[in-house]
Amino acid sequence: MVLGVDIGGSHITVASIDKNVPNQVQNIYTMKISNASSLDLILDSWIGIIEMAIDNLGNKKLKGIGIAMPGPFDYERGVFPDKGENKFVMLSNLNLKDYIIRKLNLKPSVSVRFYNDAACFGIGEAWVGELVPYNKTIAITLGTGLGATFLHKGIPVLEGKGVPPYGELYHLPFGNDIADTSFSTVWFKKRYKELTNKEITGVKELIRFEKENTITAQIFKEFSENLAIFLAPWLQSFEAEAIVIGGNISNAWVFFIEGLIQTFKKLDITIPIYKSTLRESAALIGAARLIDNDFFNEL
């Protein structure tokens with residue numbers, strides 16, 4: 001058995017995964033914990049929930065722990081950076097890999113490996129999700145930010161033809177801002193305030209209270225058209241065969257998918273666009289795959 005772990009700015013989720021049937025995620029444990037909490041509270045919470053998952057494996061052997069982590073992070077060594085863009089500032093310079101091994105008293109045979117959370121989402125989708133039939137694909141997550149992964153035969157690609165710097169899109173310019181704020185919850189809140197002079201907490205609130213509102217339709221029309229215009233050059237230059245979309249904003253799929261398809265058609269892009277069915281499990285499954293030595297050596 002392998003533990004797949006997904007760490008975000010406000011949560012940690014751990015799942016038990018049998019590497020022989022990875023699409024059957026078992027025993028999911030999740031806990032809300034802010035990245036702005038104290039050092040001890042964050043670490044105690046993380047260790048506590050991982051330990052719970054290990055205890056509940058029973059007599060099944062633990063092969064490793066794969067952890068999906070947002071950047072910036074030293075994935076190879078398992079160390080938080082000196083400055084983390086206001087994320088996990090309490091953990092600056094902490095070697096999380098050594099800390100986990102020591103606190104859980106793990107044997108040398110149990111691997112602990114880290115990789116980017118958006119990339120783990122793509123890895124999961126390419127392994128057992130919507131992207132299985134394709135060679136060259138792009139996986140994106142729409143939520144508090146824009147996550148993206150370019151994949152070739154299931155392996156994240158960080159450079160080469162049609163691949164942006166570091167294989168990521170969030171830092172690229174779009175309009176008067178960057179993609180991360182143009183295709184995330186931040187943009188929806190900002191645009192709604194501009195049009196109505198009212199506040200919303202996020203997309204969930206927008207679609208719950210404004211289903212029949214023309215303002216909602218206008219906002220999603222702008223969002224879908226802008227997203228298609230932004231993604232189109234990368235889909236074309238990378239020669240992507242399919243794209244999968246996950247993240248919290250994908251829950252509003254019916255509000256933006258038609259606009260996305262129609263704008264893509266105008267730009268001569270007709271590849272399949274999938275909504276993730278693995279959802280939150282995709283990153284857990286992708287993280288679990290890090291424990292496969294052959295796969296990990298390909299990264």
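The values are calculated or read from the model by the stated rules, or taken from the named source; none is laboratory data. Note that the structure is a prediction, hence the values are computed from the model and not measured. Quick reminder, even Gly has a Cβ in these numbers, built from the backbone with ideal geometry, and neighbours come from all protein chains shown. Quick note on the areas: whole protein, heavy atoms, side chains included, nothing else; ligands and nucleic acids left out. Shrake-Rupley method; radii C 1.70, N 1.55, O 1.52, S 1.80 Å.
Assorted remarks:
- C-alpha long axis of helix 214-238 to longest principal axis of the chain, angle in °: 70 degrees
- Surface exposure of the chain, expressed per residue as accessible area with a 1.4 Å probe, stands at 49 Å².
- Within the chain, antiparallel bridges make up roughly 55 percent of the DSSP beta bridges whose residues both belong there.
- Each of the peptides 47-59, 114-126 was scored by the mean count of other Cβ atoms within 10 Å over its residues; in descending order, highest first, they stand as 114-126, 47-59.
- Taking amide H atoms as placed 1.01 Å from N in the peptide plane, the amide H of Ala242 lies under 5 Å from those of Ile138, each 5 or more residues away in sequence or on another chain.
- In region 211-299, the GluC sites (Glu not before Pro) that fall in loop regions by DSSP, at most 16 other Cβ within 10 Å: Glu212, Glu239, Glu241
- Relative frequency of Cα-Cα separations exceeding 22 Å in region 13-92, percent: 34 percent
- Length released on extending from Arg279 to Ile28, taking residue separation times 0.36 nm less the Cα-Cα span: 89.0 nm
- Cα centroid separation - region 1-79 against region 204-277, whole Å: 31 Å
- Hydrodynamic radius (Kirkwood) for region 150-228, which is based on Cα pairs only, to one decimal in Å: 14.3 Å
- In this structure, the pairs whose alpha-carbon distance is over 19 Å, taken from Lys190/Lys221; Lys63/Lys103; Lys32/Lys193; Lys198/Lys275; Lys87/Lys107; Lys153/Lys265, are Lys32/Lys193; Lys198/Lys275; Lys87/Lys107; Lys153/Lys265.
- Label point of Asn251 set 7 angstrom out along Cα-Cβ; within region 170-205, amide nitrogens under 14 Å from it belong to 185, 201-205.
- The accessible area of Tyr99, taken with all protein chains in place and a 1.4 Å probe, comes to roughly 30 Å².
- Neighbour-limited loop hits for trypsin sites (Lys or Arg not before Pro), region 73-135 (at most 14 other Cβ within 10 Å; DSSP other than H, G, I, E, B): Arg77, Lys83
- Three-way shape label, region 176-299, alpha-carbon gyration tensor, a/c 1.5: prolate
- Around Leu142: net Lys/Arg minus Asp/Glu count, Cβ-Cβ under 12 Å: 0
- Expressed as a fraction of 2.2 N^0.38 Å, the value expected for a compact globular protein of N residues, the C-alpha radius of gyration of region 62-186 is 1.17.
- Value at 222 nm in deg cm²/dmol, rounded to 500, when DSSP H runs of n ≥ 4 in the chain each add -39,500 (n - 2.57): -12000 deg cm²/dmol
- The angle separating the long axis of helix 185-196 from the principal Cα axis of greatest extent in the chain is about 30 degrees.
- Here each label is just a point 7 Å from Cα along the line to Cβ, and for Lys19 and Gln262 those points are 4.8 nm apart.
- If the Kirkwood radius is taken over C-alpha pairs of region 115-183, then at 25 °C and 0.890 mPa s the Stokes-Einstein diffusion coefficient equals 201 µm²/s.
- Shown for the chain: the carbon plus sulfur share of the solvent-accessible area, taken with all protein chains present and a 1.4 angstrom probe, equals 50%.
- With respect to the chain, whose longest principal axis is taken over its alpha-carbon atoms, helix 39-55 is tilted by about 70°.
- The slack in the chain from Ser38 to Asp55, taken as 0.36 nm per residue of separation less the alpha-carbon distance, amounts to 3.5 nm.
- Comparing the chain with the 2.2 N^0.38 Å rule of thumb, its C-alpha radius of gyration ratio is 1.01 (two decimals).
- Given their separation in residues at 0.36 nm each and the Cα-Cα distance between them, Ala217 and Asn93 gain 40.1 nm when the chain is fully extended.
- Computed over region 1-141, Kirkwood Rh from alpha-carbon pairs, angstrom: 15.8 Å
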